[in-house]
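Q: Can you keep this structure in mind? I'll have questions shortly.
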Amino acid sequence: ISIMEKQVLGSSEERTFQYQDSLPSLPVPPLDESLTKYLDAVKPFLNQEEYQRTADIVKKFENGIGKELHQKLLERAKTRRNWLEDWWLNVAYLDLRISTQIHCNMGGPGPYIEHCWPPKEGTQIERACINIWHTLKYWDLLRAEKVAIERSGDAVLDMSQFRMLFCTCKIPGVSRDSIDSYFKTETEGECPSHLIVLCRGRVFAFDAMHEGNMVTPPEIFRQLTYIQKRCHSEPDGPGLAALTSNERTKWAELREYLIELDPKNLTLLEKIQRSLFVVCLDDASPYATPEDYTELTRLGLTGDPTVRWGDKSYNSIFFSNGTCSAFCDHSPFDAMALITMLSFAEKKIIENEGKWKGSDKVRDIPWPEELVFTVDQKIINEIGRTKELYYKKVSDLQLVNYAFTSFGKALIRKKKLHPDTFVQLALQLAYYKCHGRPGCCYETAMTRRFYHGRTETIRPCTVEAVEWCKSMLDPSDSTYERLQLMHKAFAKHNKMRKECENGKGFDRHLLGLLLIAQEQGLPAPEIYTDNAFTASGGGGNFVLSTSLTGYTRFSGSALPMVQHGYGFFYSIRDDRIVVNCSSWKSCPETDAEVLCRTVFQCFQDMLQLTIAAQL
């Protein structure tokens, strides 16, 4: 059909979810390839003798039980478009019994302080209503399937995670949580349209639609002002939201108790679960500058638990000085879906200079309703205990979020280097400098070119990276030798990234084989109990938990995976690299501040290397 005919037919517009049914299934890689890659990945952590032992174990696995498990995995993959999906959700998220709000949620600061909205007291509500309005516009576009389909080169990417941004909540279970999502596109039917607002321990709700039209910023302003005035002139509420920060089984039991206490409590909980998202009015005023987002990030991730609903897929936090932050349950989606939405809103905010340029007319819409839970002394005591535990845990967090401003993507690309690999290798070098040994590292690769694809693990601590790190620390090595080794390390990392994105990684494959064994009631094969497996990061033991959060102004983070580890998240812009690094103060070996500063030094060292080479 010609373009003109397409326009007449009105079919030139792609619909957000139109290719979902034609995406390729997630592949199962060949067993021998995965095991070869695994052996290569464990090498930096073993001496010759240990390596030989592991190689023997792997060989035995490949020719024995591994072969059978692989066959069974192939059988499973025949009947599913994504053999990993429900397994991953359970193992990575829903089966966890620790406090997921602290250990798994992700969040990040709003970059608006860099343009329209520098920190300023008294702006909380007016900024909130503009930000909320643009988010609601995005929800509207998504319901109409007018959100642009994302692509990687020519390949269409899976868009299913976007459905989870709205009307989605995790429900605690005694042994496993579940996810409820009520989002529907216009063609699918009715979708909940109310917002939840948390303020001073109280919970309010109001509808974002009135007589078929969306509320405007002046109307949202009226609603939020009403809530804030009431909260500031009346006693604080019980702070029920804090309970979401409990360990999962504990929260599940308390939730059951609440429902037994009064069936009305279930209706109120469901109202929160079904809501579009949660608006959090936080009384803190975090310090923030374009070069230092530390306090804003820390309070976004680990601030007042009575004004966060930890299980909600999106909490939009507004602080009293007009700064803001996002805070999300990680189970329903990965960060890129969120960042796409936030970047859309930011673009619109900038286009309108942070102001509302429409009508100031406010319709006679119903006032917000307060969700008043029936609580007893036991619940009041539990909220107190939960808050105490929460603050004890988060006070142990060391977190920095600094911008490295000497250069960014523009210069790195000019040197014909991949910006993401540049940061990952700098991190490997910095860890080596700080700790005197290689650091097993998890980097997220996106597998969204497959149906319901989420992530695969890139393991940046390669033999090549370690060789280069040793060379950088060996004064007798020449610049030329160092540069050669650096290029080798770059090439290896780039190759791994490509493989992982194309479903040819090995971590998810190894997980699948282990889960098949478990389902068959078999003991874990020796490859999984071997020291090399854990030492190289397997089984969730990565010392460096890292991710590129893209090339926008949005950066985000999550906390370290292990007690003696680091969380290391970064966004790369044309002129800067914004790094978010966290560790636990109770671990004497780790120091997020020192690691971050060392990484910045390594950025300079790597650039110097490429310059020296040209002389």
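The values are calculated or read from the model by the stated rules, or taken from the named source; none is laboratory data. This is a predicted model, so every value here is computed, not measured. When we count neighbours, we look across all protein chains shown, and the Cβ atoms used for this are built from the backbone with ideal geometry, even at glycine. Please note that ligands, DNA and RNA were not included when accessible areas were found on the heavy atoms of the full protein model with its side chains. Shrake-Rupley method; radii C 1.70, N 1.55, O 1.52, S 1.80 Å.
Q: Expressed as an acute angle from 0 to 90° and rounded to the nearest 10, what is the orientation of the C-alpha long axis of helix 419-435 relative to the principal long axis of the chain?
A: That helix lies at roughly 70 degrees to the long axis.
Q: Follow-up question, since we're still on this one. Kindly express, to the nearest 10 degrees and within the range 0 to 90, the angle between helix 31-42's C-alpha long axis and the longest C-alpha principal axis of the chain.
A: So the helix axis and the longest Cα principal axis differ by about 90 degrees.
Q: On to the next question. Using the Cα atoms as the points, what is the convex hull volume per residue of segment 437-529 in Å³?
A: 103 Å³
Q: Of the heavy-atom accessible surface of the chain (probe 1.4 angstrom), what whole percent is carbon and sulfur? Walk me through the numbers on the way to the answer.
A: Numbers: 13090 of 25080 Å².
Ligands and nucleic acids excluded, carbon and sulfur give 52 percent.
Q: Please give the helix 48-63 orientation as an angle from the longest Cα principal axis of the chain, in degrees from 0 to 90, rounded to the nearest 10.
A: Computed tilt is about 70 degrees.
Q: Work out which GluC sites (Glu not before Pro) in the chain are exposed loop sites (DSSP not H, G, I, E or B, at most 14 other Cβ within 10 Å) and give the longest gap free of them.
A: On the way: sites that count: GLU13, GLU14, GLU121, GLU186, GLU188, GLU190, GLU211, GLU291, GLU353, GLU589.
The longest such stretch corresponds to 354-588.
Q: Could I ask something else about it? List the chymotrypsin sites (Phe, Trp or Tyr not before Pro) within segment 270-337 that fall in a DSSP loop (any state other than H, G, I, E or B) and whose Cβ has at most 15 other Cβ atoms within 10 Å.
A: On the way: sites: PHE277, TYR287, TYR293, TRP309, TYR314, PHE318, PHE319, PHE327, PHE333; in loops: PHE277, TYR287, TYR293, TRP309, TYR314, PHE333.
Hits after loop and neighbour filter: TYR287.
Q: Sticking with this one: Among DSSP bridges having both ends in the chain, what percentage is antiparallel? Round to the nearest 5.
A: Details: 46 of 63 bridges.
Looking only at bridges with both residues in the chain, the antiparallel portion is about 75 percent.
Q: If you don't mind, another one. How much solvent-accessible surface does MET106 expose, in Å² to the nearest 10, with a 1.4 Å probe and all protein chains in place?
A: Estimated to the nearest 10 Å², MET106 gives 10 Å².
Q: Just from its helices, what would the mean residue ellipticity at 222 nm be for the chain, if runs of 4 or more DSSP H residues each count -39500 (n - 2.57) and the sum is divided by every residue, rounded to the nearest 500 deg cm²/dmol?
A: About -13500 deg cm²/dmol.
Q: Leaving out ligands and nucleic acids, and using a 1.4 Å probe, what accessible area per residue does the chain come to in Å²? Don't skip to the end; give the middle numbers.
A: Working: 25080 Å² over 615 residues.
With the other protein chains kept in place, the chain gives 41 Å² per residue.
Q: Using alpha carbons only, how many angstrom separate the centre of segment 523-591 from the centre of segment 322-382?
A: 29 Å
Q: Still on this structure, I have one more. Mind checking which lysines have their C-alpha under 21 Å from LYS355, skipping anything on the same chain fewer than 8 residues away?
A: LYS120, LYS137, LYS347
Q: Next up: Quick check: the distance between the Cα centres of segment 500-519 and segment 15-79, to the nearest angstrom?
A: 6 Å
Q: Over every pair of different alpha-carbon atoms in the chain, take the mean of 1/r and invert it; report that Kirkwood radius in Å.
A: 25.7 Å
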